[in-house]
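The values are calculated or read from the model by the stated rules, or taken from the named source; none is laboratory data. Keep in mind that what you see is a predicted model, and the values were worked out from it rather than measured. Here the Cβ is made from the backbone with ideal geometry for all residues, glycine too, and neighbour counts use every protein chain on show.
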Amino acid sequence: MIHYDIIPRSLIGSLLLAATSKGLAAVVVGKGSESSRFRDLEPLFPDHELKLDRSKLSPYRKEFEAYLAGSKEQFSLPLDYSAVSSPFHKKVLLHCRKIPFGRVASYGELAKRVGSPNGARAVGNALGANPLPIVVPCHRVVTSNGDLGGYSGGLQIKKKLLSHEGISTHRSNLRALLKDSTRRR
């Protein structure tokens with residue numbers, strides 16, 4: 001059974017949150033209608049029934065609302081990675097979770113962290129399939145030359161999330177942040 005709830009309005013549109021008994025399993029960022037968000041969710045859990053359950057999702061909803069209101073920087077509730085397609089993708093997501101609020105990393109940098117120094121494209125593919133955007137902050141990953149790269153929710157949402165975290169999305173600023181993050185290691 002997959003329990004879900006919807007946050008109808010936020011700075012990035014509506015969000016569909018889905019959880020199993022193990023934890024939050026998916027976040028669908030609000031593109032299109034409610035039915036289109038369900039279409040995005042169903043392939044992740046093809047053999048599960050979906051059930052609206054606001055009380056079960058209440059702790060997750062509160063964390064999202066706090067993050068989007070600017071009063072929370074990190075998510076602390078349990079996650080369920082069962083919708084992640086491969087061990088490599090899971091490894092990428094676990095390393096992506098370590099990118100702090102207000103910071104960025106490049107796809108290449110993340111590839112090195114997961115032991116695949118030439119795997120920037122594979123990292124991009126893993127992040128593109130991230131079932132837990134925002135919680136696993138793939139919006140904090142940009143190209144090594146300071147371009148935004150991609151985002152499954154669309155580049156406008158990626159820009160809004162980075163701006164929400166105090167990051168200017170101008171290429172020169174992203175380059176400077178990447179240089180700074182490389183020096184910190």
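Considering the stretch 3-23, the residues that are in a loop (DSSP other than H, G, I, E, B) and in contact with a helix residue (DSSP H, G or I) (Cβ under 8 Å, 6 or more places away or on another chain) include one that is modelled with the highest pLDDT, namely 12. For residue 74, the criteria (1) modelled with pLDDT under 95; (2) buried (at least 16 other Cβ atoms within 10 Å of the Cβ); (3) not in a helix (DSSP H, G or I) hold in every case but one, which is (2).
Being free of Cβ contacts under 8 Å to residues at least 12 places away in the same chain and under 17 Å from the mean Cα position of the chain (by Cα): is that true of residue 90 here? For residue 90, the condition - free of Cβ contacts under 8 Å to residues at least 12 places away in the same chain and under 17 Å from the mean Cα position of the chain (by Cα) - is met.
Among the candidates 26, 83, the residue that is hydrophobic (A, V, I, L, M, F, W, C), surrounded by 18 or more Cβ atoms within 10 Å (Cβ to Cβ) and in a loop (DSSP other than H, G, I, E, B) is uniquely 83. Regarding the stretch 116-130, can at least one residue be identified that is over 24 Å from residue 174 (Cβ atoms) and modelled with pLDDT of 95 or more? No: zero hits.
The rows are residues; the columns are (1) touching a residue at least 60 places away in the same chain (Cβ under 8 Å); (2) out of contact with any strand residue (DSSP E or B) (no Cβ under 9 Å at 6 or more places or on another chain); (3) aliphatic (A, V, I, L, M).
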residue: 3; (1), (2), (3): no, no, no
residue: 6; (1), (2), (3): no, no, yes
residue: 17; (1), (2), (3): no, no, yes
residue: 22; (1), (2), (3): yes, no, no
residue: 26; (1), (2), (3): yes, no, yes
residue: 29; (1), (2), (3): yes, no, yes
residue: 66; (1), (2), (3): no, yes, yes
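Here is the figure for the stretch 86-116: residues that are surrounded by 21 or more Cβ atoms within 10 Å (Cβ to Cβ) and hydroxyl-bearing (Ser, Thr, Tyr) total 2.
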